[in-house]
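> Starting off with a structure, shown below.
The values are calculated or read from the model by the stated rules, or taken from the named source; none is laboratory data. The shown structure was predicted, so the numbers you read here are calculated from the model rather than taken from an experiment. Because the Cβ atoms are built from the backbone with ideal geometry, glycine has one as well, and the counts that use them run over all protein chains shown.
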Amino acid sequence: MPSHSITLNGKPVTFEADPAMPLLWVLRERLSSTGTKYGCGVGSCGACTVLRDGAPVRSCQVTSAEANGHAFTTIEGLARGATLHPVQLAWLDEDVAQCGYCQPAAILTAVALLKTHADPIDAEVDDAFAGFVCRCGSYPRMRRAIRRAAQAAVSK
Amino acid sequence: MSATATLSRREVLKLAAFAGAAVILEATPAGRIRRVFAAEAAPATAGFRGKWVAIAPDGRVTIVVARGEMGQGVRTTLPMILAEEMDCDWKDVTVFTPSPGPDYRNMRTSGSWSVGGGYEPYRRIGATVRDLLVRAAAARWNVPAGECTTEPGVVVHAATKRRLGYGALAGSLATLALTDKPVLKDPARFRIIGKPMKRVDGRAIVTGTAGYGADVRVPQMKFASVERGANLGATPAHVDDAAARAVPGVERVVTVPSGVAVIARDSWSAQRGREALKVEWTPGPNAAFDSRAFLRELTEASREPGWEARAAGDADAAIASAPKKLEAVYEYAFQAHAPLEPMNATAHVHDGGCELWLGTQAANQVQEAVAKRLGLDAGAVTIHCQLMGGGFGRRLGVDMALEAAEVSRAIGGPVQVLWSRSDDLRYGYFQPGSVHRMAGALDATGKVVAWKHTMAGVPHSAFSEPTFGVDLARDLMWGGFDNPYVYANLRVGHVTRKPPVPTGPWRAVHYPPGVLARECFMDELAAAAGRDPIAFRIAMLAPSTEPTAPRLASVLKLAAEKSGWGGALPAGRARGVAANVYDGDTVLAQVAEVSVSADRTVRVHRLTCVVDCGTVVNPLGAAGQVESAVVFGLTAALKGEITFANGLAEQSSYFDYPVLAMGETPEIDVHFVPSAAPPCGLGEQCVSPVAAAVNNAVSTAIGRRVRRSPVRAVDLG
């Protein structure tokens with residue numbers, strides 16, 4: 001099996017896998033990193049979202065070959081030890097989650113959005129979450145958390 | 001509770017759900033509390049361990065929640081109730097979900113009844129433990145117990161300024177007898193109940209460490225994917241697995257009752273192995289099932305009288321002689337649960353026993369079903385309950401557990417069977433479609449004199465073979481049988497057809513279709529009478545015969561006020577109302593504000609939801625449940641449906657069975673009616689009127705009745 005090398009949450013990782021094996025399964029079942037979730041495997045829900053070089057991608061649609069050489073951030077890499085990322089804190093402040101299964105992906109999507117749009121308007125938030133599924137309907141709270149995180153950054 | 005003198009079947013089930021908790025703490029004759037926690041979850045060996053509460057010497061309080069957590073917040077709400085009466089410091093509380101067994105016999109999580117049924121028992125348990133703590137401190141201080149009080153986590157003797165933390169007292173509790181008259185707090189003094197509390201699993205969720213069934217990993221575990229057939233119930237006649245076994249990573253292929261299982265070292269290899277299988281299938285019994293044809297059959301069937309579920313006066317005669325009559329036929333399509341975490345279970349069948357790890361709403365049923373299938377005593381089957389990535393009624397099924405047990409038994413080792421998204425959409429059970437034939441009549445003054453509601457539909461088949469008859473008809477006519485409005489002449493009937501595909505409970509179960517037909521036809525009658533839809537409804541309530549009538553009138557009035565009903569709207573927008581009494585308990589009214597674009601897209605701008613659900617234990621979690629139910633209801637009202645062709649659902653992912661997107665989500669205004677009544681249900685209740693409110697608003701917007709759910713572009717003309 002060929003080797004592939006990525007940076008995962010700041011650390012270099014090399015793994016062996018079929019070049020076609022999606023990164024989602026490498027993370028979940030080879031690298032013991034189950035924070036990234038399987039919702040559909042075909043790109044229809046976004047539950048598998050990770051950041052590749054800072055931009056959100058659906059890891060079920062990124063093969064090991066395509067992943068090779070890139071830097072990835074998963075939900076496990078957001079906090080600094082016990083210190084949560086501001087978006088994670090905003091998510092807790094607004095009590096966003098219901099079942100929570102989509103929330104790692106939602107948080108990463110929000111992190112990426114706020115990097116490029118420090119104070120996003122509703123339409124920009126909608127665009128960032130186009131095709132993103134939260135079956136429990138926590139969208140109103142996701143919006144409030146994003147607004148809160150944006151305001152917290154501005155007031156720093 | 002409902003007005004009927006005898007308990008309905010559901011009421012009996014609700015009361016039974018907490019029969020275990022009524023025993024509170026099981027004391028032996030010596031007054032010692034039995035230890036029932038699993039060793040790995042137990043606090044230090046000193047301290048106090050009861051069936052529902054444990055207190056560690058360091059003051060940590062562990063509260064047991066014998067329910068499945070699927071996002072409805074039960075792991076937060078139930079501990080809040082106990083912690084209140086025990087007078088805990090909330091920061092000292094952790095939550096433990098046990099395995100089902102003789103100590104936890106009622107873990108079934110359905111009917112939105114965990115908080116309603118758990119309120120009194122959890123209060124009594126908390127008060128009982130508080131009483132033990134007070135008496136233990138009083139004994140240690142040699143003062144009367146009546147002179148002691150508690151502050152969060154501490155017993156206090158004000159007169160001598162002495163204080164002892166619960167942790168310090170924990171070791172002294174086991175020798176004390178339990179009081180059989182626990183004193184409950186005056187709600188005016190609640191510190192926790194009624195306050196907005198963050199979900200206990202929040203930090204685990206946002207850091208990706210929350211444990212769902214699909215995340216379970218046990219040593220030596222394999223992963224499996226099951227190929228299930230071209231139509232529901234198909235069985236493999238011939239399996240050519242040579243190519244499948246040649247896929248790298250695939251280790252074995254075995255046939256199990258639910259299909260052909262490919263076992264591999266990872267899920268992706270298992271799925272690829274599945275794609276390489278060549279299977280000849282013997283078609284299932286419903287291989288020709290087509291849902292479009294079925295709904296047309298139901299439309300015809302709804303002309304029959306069916307089983308008479310409820311009647312008053314003579315509706316047919318009243319309609320025949322009335323000056324103004326209306327008829328309408330409403331169609332409600334099949335739906336799926338589609339929780340984001342697909343069905344899965346991890347099983348390890350080994351010498352004389354079985355361990356299972358899964359998220360489930362029916363832990364005891366899983367234990368019993370797996371034991372029966374494997375020929376074991378229930379005590380030899382251990383279920384480790386995980387969080388659920390969504391339930392909505394689908395995780396009441398035991399099918400995923402049985403399947404994993406079968407695969408594990410076949411390979412002789414631990415395995416996780418993870419369903420694909422298309423498996424999850426196609427091979428479970430469904431919310432059934434139905435057709436509702438409505439008829440009504442007005443007298444010369446515009447007063448409603450007759451109402452007929454005939455539903456043509458199917459019973460649930462996923463868990464048992466239903467017995468057709470009047471009782472079943474009544475049970476299927478939620479929203480029709482318990483119509484809260486009063487008519488001089490009424491007939492409610494059900495034409496029951498055999499289910500063509502597995503059907504089972506979905507969020508709000510039989511209410512959404514019944515309420516759709518009822519609340520939309522009420523709007524049609526209101527329009528025929530030239531009356532405002534809200535005033536029309538209120539005028540048809542009879543407080544003297546229906547105890548919930550005053551509450552329903554209140555929520556309708558408040559919904560009118562909060563939504564700006566009757567006030568000016570931007571051009572192209574319209575409002576629609578729908579209300580419901582959910583099983584005689586929770587009462588709610590919703591107003592949807594919509595617009596319909598030229599390209600026939602419905603946009604919901606705002607949805608106002610007024611709920612009377614008794615005491616709101618956690619306003620933060622409760623508002624979340626309302627928002628959640630509204631989005632769930634809007635998805636079914638607007639976004640998609642399950643259609644069947646050749647015995648199989650045609651949808652396979654969120655591409656063709658879409659969920660409401662963030663950009664499509666309206667402003668959701670939630671209002672709880674202040675109430676001191678005990679809590680009643682909230683997990684699914686607010687789904688029930690959503691489709692009707694939307695259809696009523698859309699109908700007003702386009703000036704034509706829309707009698708279909710979900711609303712498709714073709715229904716908008």
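> Hand me the list of strands (runs of 3 or more DSSP E) wholly inside region A:1-106 holding 1 or more residues that are of a type in the set (A, V, I, L, M, F, W, C) and under 12 Å from the mean Cα position of the chain (by Cα). Explain how you work it out, then say what you get.
On the way: elements: A:3-8, A:11-16, A:49-52, A:55-58, A:71-73.
In region A:1-106, the matching strands (runs of 3 or more DSSP E) lie at A:49-52, A:55-58, A:71-73.
> Could you please find all residues in region B:331-348 being farther than 30 Å from B:Cys520 by Cα and within 14 Å of another protein chain (Cβ to nearest Cβ)?
Residues of region B:331-348 that are farther than 30 Å from B:Cys520 by Cα, as a first pass: B:340-348.
Selection gives B:Leu340, B:Glu341, B:Pro342, B:Met343, B:Asn344, B:Thr346.
> Go through region B:465-501 and report how many residues are in a loop (DSSP other than H, G, I, E, B) and either under 26 Å from B:Ser291 (Cβ atoms) or basic (Lys, Arg) (or both). Even if it seems obvious, please write down each step before you answer.
Step one: filter region B:465-501 for residues in a loop (DSSP other than H, G, I, E, B), giving B:465-469, B:477-488, B:497-501.
Right, trim to either under 26 Å from B:Ser291 (Cβ atoms) or basic (Lys, Arg) (or both) and you get B:465-469, B:477-481, B:497-501.
Within region B:465-501, residues that are in a loop (DSSP other than H, G, I, E, B) and either under 26 Å from B:Ser291 (Cβ atoms) or basic (Lys, Arg) (or both) number 15.
> Testing B:Gly202 on (1) of a type outside the set (Asp, Glu); (2) more than 24 Å from the chain's Cα centre (by Cα); (3) at pLDDT 95 or above, one condition comes back false. Which one is that?
(2)
> All but one of (1) surrounded by 19 or more Cβ atoms within 10 Å (Cβ to Cβ); (2) in a helix (DSSP H, G or I); (3) of a type outside the set (Lys, Arg) hold for A:Phe132, so report the exception by its number.
So A:Phe132 meets the others, but not (2).
> Here is a follow-up. Do we have B:Pro543 as loosely packed, with under 15 Cβ neighbours inside 10 Å and under 27 Å from the mean Cα position of the chain (by Cα) here? Explain how you work it out, then say what you get.
Details: loosely packed, with under 15 Cβ neighbours inside 10 Å: yes; under 27 Å from the mean Cα position of the chain (by Cα): no.
So B:Pro543 fails the test.
> When only residues in region B:374-393 that are surrounded by 19 or more Cβ atoms within 10 Å (Cβ to Cβ) and more than 14 Å from A:Cys99 (Cα to Cα) count, which is farthest from the other protein chains (Cβ to nearest Cβ)?
Just the residues of region B:374-393 that are surrounded by 19 or more Cβ atoms within 10 Å (Cβ to Cβ), to begin with: B:374, B:381, B:383, B:385-393.
From what's left, more than 14 Å from A:Cys99 (Cα to Cα): B:374, B:381, B:383, B:385.
Details: B:Leu374: 27, B:Val381: 25, B:Ile383: 19, B:Cys385: 14 Å.
Of everything passing the filter in region B:374-393, B:Leu374 is farthest from the other protein chains (Cβ to nearest Cβ).
> Looking for whichever is farther than 30 Å from B:Val398 by Cβ and without any contact (Cβ under 8 Å) to a residue 24 or more places away in the chain here; the options are B:Ala542, B:Ala535, B:Ala517. Which one fits? Spell out how you get there, then give the answer.
On the way: B:Ala542 fails: without any contact (Cβ under 8 Å) to a residue 24 or more places away in the chain; B:Ala517 fails: without any contact (Cβ under 8 Å) to a residue 24 or more places away in the chain.
Being farther than 30 Å from B:Val398 by Cβ and without any contact (Cβ under 8 Å) to a residue 24 or more places away in the chain holds for just one of B:Ala542, B:Ala535, B:Ala517, which is B:Ala535.
> Still on this structure: Filter region A:1-49 for residues that are closer than 18 Å to B:Ala210 by Cβ, within 11 Å of chain B (Cβ to nearest Cβ) and β-branched (Val, Ile, Thr) and give the result.
A:Thr34, A:Thr36
> I'm trying to understand the selection: among the residues of region B:242-273, which are within 33 Å of the chain's Cα centre (by Cα) and in a helix (DSSP H, G or I)?
Scanning region B:242-273 gives B:Ser267, B:Trp268, B:Ala270, B:Gln271.
> Out of the residues in region A:92-105 meeting the condition of being within 7 Å of another protein chain (Cβ to nearest Cβ) and among the aliphatic types (A, V, I, L, M), tell me which one is surrounded by the most Cβ atoms within 10 Å (Cβ to Cβ).
If we filter region A:92-105 for residues that are within 7 Å of another protein chain (Cβ to nearest Cβ), which is where we start, we get A:92, A:95, A:97-104.
Checking the rest, the ones that are also among the aliphatic types (A, V, I, L, M) come to A:92, A:97.
Details: A:Leu92: 18, A:Ala97: 30.
In this case the residue turns out to be A:Ala97.
> Okay, moving on. Could you check, for region B:528-541, whether at least one of its residues is over 30 Å from B:Asn231 (Cα atoms), modelled with pLDDT under 95 and charged (D, E, K, R)? Let's see the steps before the verdict.
Filtering region B:528-541 for residues over 30 Å from B:Asn231 (Cα atoms) gives B:528-541.
Subsequent filtering for residues that are modelled with pLDDT under 95 retains none.
No; the residues of region B:528-541 include none that is over 30 Å from B:Asn231 (Cα atoms), modelled with pLDDT under 95 and charged (D, E, K, R).
> Is there a residue in region B:301-318 that is over 29 Å from B:Asp443 (Cβ atoms), out of contact with any Gly (no Cβ under 7 Å at 6 or more places or on another chain) and crowded, with 17+ Cβ neighbours inside 10 Å?
Looking for residues that are over 29 Å from B:Asp443 (Cβ atoms), out of contact with any Gly (no Cβ under 7 Å at 6 or more places or on another chain) and crowded, with 17+ Cβ neighbours inside 10 Å, one finds at least one in region B:301-318, hence yes.
> Something else: Would you tally the residues in region B:207-222 being of a type in the set (S, T, N, Q), at the interface with another protein chain (Cβ under 7 Å from one of its Cβ atoms) and either surrounded by 24 or more Cβ atoms within 10 Å (Cβ to Cβ) or in contact (Cβ under 8 Å) with a residue 24 or more places away in the chain (or both)?
Selection size over region B:207-222: 0.
> Go through the residues of region B:679-694 one by one and say whether even a single one is at pLDDT 95 or above, part of a loop (DSSP other than H, G, I, E, B), under 24 Å from B:Glu627 (Cα atoms) and among the polar types (S, T, N, Q).
yes
> Turning to a different aspect of this structure: Which residue pairs have Cβ atoms closer than 8 Å, lie 6 or more positions apart in sequence or on different chains, and pair a first residue in region B:630-655 that is in contact (Cβ under 8 Å) with a residue 24 or more places away in the chain and within 14 Å of chain A (Cβ to nearest Cβ) with a second residue that is polar (S, T, N, Q) and part of a loop (DSSP other than H, G, I, E, B)?
Pairs that qualify, where the first residue is in contact (Cβ under 8 Å) with a residue 24 or more places away in the chain and within 14 Å of chain A (Cβ to nearest Cβ) and the partner is polar (S, T, N, Q) and part of a loop (DSSP other than H, G, I, E, B), are B:Val631/B:Thr665; B:Gly633/B:Ser688; B:Leu634/B:Thr665; B:Gly640/B:Gln651; B:Gln651/B:Thr643; B:Ser653/A:Ser44; B:Tyr654/A:Ser44.
> Of the numbered conditions (1) buried (at least 21 other Cβ atoms within 10 Å of the Cβ); (2) within 13 Å of another protein chain (Cβ to nearest Cβ), A:Ala67 satisfies every one except a single condition; which is it?
It is condition (2) that A:Ala67 fails.
> Is it true that B:Arg228 is within 25 Å of A:Ser32 (Cα to Cα) and either among the small types (Gly, Ala, Ser) or crowded, with 16+ Cβ neighbours inside 10 Å (or both)? Step through it out loud before you land on a result.
Details: within 25 Å of A:Ser32 (Cα to Cα): no; either among the small types (Gly, Ala, Ser) or crowded, with 16+ Cβ neighbours inside 10 Å (or both): yes.
No; evaluated as a whole, the condition is false for this residue.
> Report yes if A:Arg143 is under 25 Å from B:Glu667 (Cα atoms), assigned to a loop (DSSP other than H, G, I, E, B), among the basic types (Lys, Arg) and out of contact with any strand residue (DSSP E or B) (no Cβ under 8 Å at 6 or more places or on another chain), otherwise no.
When the stated conditions are applied, A:Arg143 does not pass them.
> Still on this structure: When you scan region B:396-430, how many residues do you find that are within 14 Å of chain A (Cβ to nearest Cβ) and over 13 Å from B:Trp357 (Cα atoms)?
Looking only at that region, the number is 8.
> Oh, and also: List the residue pairs whose Cβ atoms are under 6 Å apart, where the first residue sits in region A:116-131 and is within 12 Å of another protein chain (Cβ to nearest Cβ) and without any contact (Cβ under 8 Å) to a residue 60 or more places away in the chain, the second is surrounded by 11 or more Cβ atoms within 10 Å (Cβ to Cβ) and part of a loop (DSSP other than H, G, I, E, B), and the two are 6 or more positions apart or on different chains.
A:Glu124/A:His117
> Further question on the same structure: When residues of region B:642-663 are filtered for being surrounded by fewer than 20 Cβ atoms within 10 Å (Cβ to Cβ) and in a loop (DSSP other than H, G, I, E, B), how many remain?
Number of matching residues: 8.
> Which condition does B:Ala528 not pass, out of (1) buried (at least 21 other Cβ atoms within 10 Å of the Cβ); (2) touching a residue at least 24 places away in the same chain (Cβ under 8 Å); (3) among the small types (Gly, Ala, Ser), if it passes all the others?
So the condition that B:Ala528 fails would be (1).
> Can we say A:Ala152 is more than 8 Å from chain B (Cβ to nearest Cβ), modelled with pLDDT of 95 or more and in a helix (DSSP H, G or I)?
Details: more than 8 Å from chain B (Cβ to nearest Cβ): yes; modelled with pLDDT of 95 or more: no; in a helix (DSSP H, G or I): yes.
No.
> Can you tell me which residue among B:Arg518, B:Arg575, B:Arg507 is assigned to a loop (DSSP other than H, G, I, E, B), crowded, with 24+ Cβ neighbours inside 10 Å, at pLDDT 95 or above and among the basic types (Lys, Arg)? Can you show your working first?
Numbers: B:Arg518 fails: assigned to a loop (DSSP other than H, G, I, E, B); B:Arg575 fails: assigned to a loop (DSSP other than H, G, I, E, B).
Exactly one residue qualifies, and that residue is B:Arg507.
> Taking the stated definitions as given, is A:Leu108 under 16 Å from A:Gly46 (Cβ atoms), more than 7 Å from chain B (Cβ to nearest Cβ) and in contact with a Leu (Cβ under 6 Å, 6 or more places away or on another chain)?
Numbers: under 16 Å from A:Gly46 (Cβ atoms): yes; more than 7 Å from chain B (Cβ to nearest Cβ): yes; in contact with a Leu (Cβ under 6 Å, 6 or more places away or on another chain): yes.
Considered against the rule, which asks whether it is under 16 Å from A:Gly46 (Cβ atoms), more than 7 Å from chain B (Cβ to nearest Cβ) and in contact with a Leu (Cβ under 6 Å, 6 or more places away or on another chain), A:Leu108 comes out as yes.
> Additional query: For the list (1) among the acidic types (Asp, Glu); (2) in contact (Cβ under 8 Å) with a residue 60 or more places away in the chain; (3) out of contact with any helix residue (DSSP H, G or I) (no Cβ under 8 Å at 6 or more places or on another chain), I need the number of the one condition that B:Asp103 fails.
It is condition (3) that B:Asp103 fails.
> Search region B:233-292 for residues being within 14 Å of chain A (Cβ to nearest Cβ) and in contact with a Pro (Cβ under 7 Å, 6 or more places away or on another chain), and hand back the single one that is farthest from A:Leu24 (Cα to Cα).
Taking the candidates together, the pick is B:Ser269.
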